[in-house]
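No value in this document is a laboratory result; all are computed from the given coordinates. Keep in mind that what you see is a predicted model, and the values were worked out from it rather than measured. So basically every Cβ, Gly included, is an ideal-geometry build from the backbone, and we count neighbours across all protein chains shown.
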Amino acid sequence: MSRSRRSPGSARKVDQLTGTVGHLRDQHGASLTEIVGLLNQMIERDGRQE
């Protein structure tokens, strides 16, 4: 999906996530693999809570 087709709320969330990933990489030295692993853990946890 091109960015222009996303809703304003969705585009904002993508921008926030991009900024957060950049912060984790720059400030904490996290690798992209570590960040993806953490995101997967969060998704699994949220799935169990539903």
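Surrounded by 10 or more Cβ atoms within 10 Å (Cβ to Cβ) and touching a helix residue (DSSP H, G or I) at 6+ places or on another chain (Cβ under 7 Å): does that describe Val21?
Working: surrounded by 10 or more Cβ atoms within 10 Å (Cβ to Cβ): yes; touching a helix residue (DSSP H, G or I) at 6+ places or on another chain (Cβ under 7 Å): yes.
The answer is yes for Val21.
If you take the residues of region 26-50 that are among the charged types (D, E, K, R) and in a helix (DSSP H, G or I), which of them is surrounded by the most Cβ atoms within 10 Å (Cβ to Cβ)?
Applying the first criterion (among the charged types (D, E, K, R)) to region 26-50 yields 26, 34, 44-46, 48, 50.
Checking the rest, the ones that are also in a helix (DSSP H, G or I) come to 26, 34, 44-46, 48.
Working: Asp26: 9, Glu34: 13, Glu44: 10, Arg45: 9, Asp46: 9, Arg48: 7.
Only one residue fits best here, namely Glu34.
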